[in-house]
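This report concerns only the one structure given below.
The values are calculated or read from the model by the stated rules, or taken from the named source; none is laboratory data. It should be emphasised that the depicted structure is a prediction, and the values quoted were computed from it without experimental measurement. Cβ placement follows ideal geometry from the backbone for every residue including glycine, while neighbour counts extend to all protein chains displayed. Side chains are part of the model used for accessible areas, which takes the heavy atoms of the whole protein and leaves out ligands, DNA and RNA. Shrake-Rupley method; radii C 1.70, N 1.55, O 1.52, S 1.80 Å.
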Amino acid sequence: VPLIGFCGSPWTLFVYMVEGKSPRIAANAKTWLYRYPEYSHMVLQALTDVLVTYLIGQAEAGAQLLQVFDTSGAAELTQ
């Protein structure tokens, strides 16, 4: 039986952090991104760094497949 590791994408987690829930349209997150580009980049980079470490830990613990869920990004592509 394969062991699958996973995490949310940096953008998905950013959207949840700003919106406080799972939004259909990430209006507040987009506003934050455009109003505060430097802070947004810092937050997204910090999330990326943590998620990479997290996924490496899952691989070292035996995960044979790693999946990054990007539910908010997928919504952006369909609009």
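May I ask you to give the percent of accessible area on the chain that is carbon plus sulfur, with a probe radius of 1.4 Å? Whole-percent figure for carbon plus sulfur exposure: 64. Computed with every protein chain present, the accessible area of Ile56 is close to 90 Å² [probe 1.4 Å]. A 1.4 Å probe over all protein chains sorts Phe14, Phe6 by accessible area into Phe6, Phe14, starting with the largest.
Annotation for the stretch 1-33: trypsin sites (Lys or Arg not before Pro) lying in DSSP loop with at most 15 further Cβ atoms inside 10 Å of their Cβ are Lys21, Arg24.
With R₀ fixed at 25 Å, the C-beta to C-beta distance from Thr31 to Leu51 puts the FRET efficiency at about 0.60.
Farthest toward the positive end of the dipole of the chain, out of Met42, Gln67, Leu13, is the Cα of Leu13, where the dipole comes from beta carbon charges about the Cα centre.
Here the Kirkwood formula puts the hydrodynamic radius of the chain at 13.5 Å, using every distinct Cα pair. Ligands, DNA and RNA are left out, and with a 1.4 angstrom probe the accessible area of the chain is 72 Å² per residue. Val68 exposes around 80 Å² of accessible area when a 1.4 Å probe is run over every protein chain in place.
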